[in-house]
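The values are calculated or read from the model by the stated rules, or taken from the named source; none is laboratory data. Just so it is clear, the structure is predicted and the values come from calculations on it, not from any experiment. Glycine also receives a Cβ, built like all others from the backbone with ideal geometry; neighbour counts cover every protein chain displayed. These accessible areas exclude ligands, DNA and RNA; they are computed on the full protein's heavy atoms, side chains included. Shrake-Rupley method; radii C 1.70, N 1.55, O 1.52, S 1.80 Å.
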Amino acid sequence: MQRFDDDGEQAIESVMRKKGFSTHGGAFTSPASSNFRHCVREIRASYAVVDILQKRAATTFDSGDAQHEKMLLEFWRLAKPNETLRNRISDQWQTIGFQGKDPATDFRGMGLLGLDNLIYYARHHPKSFQRVLEISHHPTAWFSMSIVGINITGFVLELARKGKLQLFFYTFGSSENTFGEVYSYIFDGFAQFWDAQHGITVMDFSRMFKMFQGVVKLDIATMRRPTLLGYTEEEDGGEEKKRL
């Protein structure tokens, strides 16, 4: 978590002074003042993370940028560890859910954040990722996994912008990793939701995704304790994560 600047600390002390927090030797040292200071810092840290995420989403993928290209190829290696990408421009990209031969054009909506999230999911939750990839290849109820992932990035970023992920940030820490974990959890949940439907095709995606968004929003609004994939998956040891 970033340290507060002097203006931030002064603002906290100004509020505590106006609200009549007790002092000792002119300093705010009571448990109440410590709790208040901690809460304000956590709130500010969560806003700072959302700002970082929004800037990543606004950063266009640039095929001429070596770092961007390196990230894209890393995603291929994570998604298809046993298959060599024959050419940078290739139909093979469609096997992991891009629309055409060059996935660079698919990141326009969410910029680098869309790619960041896909990489995070494939790297940190490979079992779940591969399970979702398999579900996406259903002969009739198929969907384009990477495109869906970019849509999920937009949805989760919207939740963060509206303050709906605060419980996750306060529980696991305000960080890009926590956002990546929420993204992974929601992506896994979407695949389970989709797989449980009967008689659907890709033409039903918009309707089903809207329904799924409603389910997620309701779950978040009513949950008492946030849950992530790391709670249950063997790959993460099934241990509760405190700070990410």
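Kindly indicate whether any position in the stretch 66-79 is over 16 Å from the mean Cα position of the chain (by Cα) and in a loop (DSSP other than H, G, I, E, B). No. Screening the candidates Pro81, Pro139 for the property of being at pLDDT 95 or above, surrounded by fewer than 14 Cβ atoms within 10 Å (Cβ to Cβ) and under 23 Å from Val202 (Cα atoms) yields one hit, Pro139.
Looking at the stretch 135-153, which of its residues are over 14 Å from the mean Cα position of the chain (by Cα) and more than 15 Å from Trp93 (Cα to Cα)? Selection gives Ile135, His138, Pro139, Thr140, Ala141, Trp142. Taken over the stretch 117-145, residues that are out of contact with any Ser or Thr (no Cβ under 9 Å at 6 or more places or on another chain), assigned to a helix (DSSP H, G or I) and not hydrophobic (A, V, I, L, M, F, W, C) amount to 6. The residue that is nearest to Phe143 (Cα to Cα), counting only those in the stretch 175-198 that are open to solvent by 20 Å² or more (accessible area, probe 1.4 Å) and touching a residue at least 40 places away in the same chain (Cβ under 8 Å), is Asp195. Please find, within the stretch 200-224, the residue that is least open to solvent (accessible area, probe 1.4 Å) out of those that are in contact (Cβ under 8 Å) with a residue 40 or more places away in the chain and assigned to a loop (DSSP other than H, G, I, E, B). That would be Ile200. Taking the stretch 94-127 as the search range and keeping residues that are over 14 Å from Lys80 (Cα atoms) and of a type in the set (S, T, N, Q), which one is most open to solvent (accessible area, probe 1.4 Å)? Result: Gln99. Can we say Thr171 is touching a Leu at 6+ places or on another chain (Cβ under 8 Å) and either surrounded by 15 or more Cβ atoms within 10 Å (Cβ to Cβ) or not in a helix (DSSP H, G or I) (or both)? The answer is no for Thr171.
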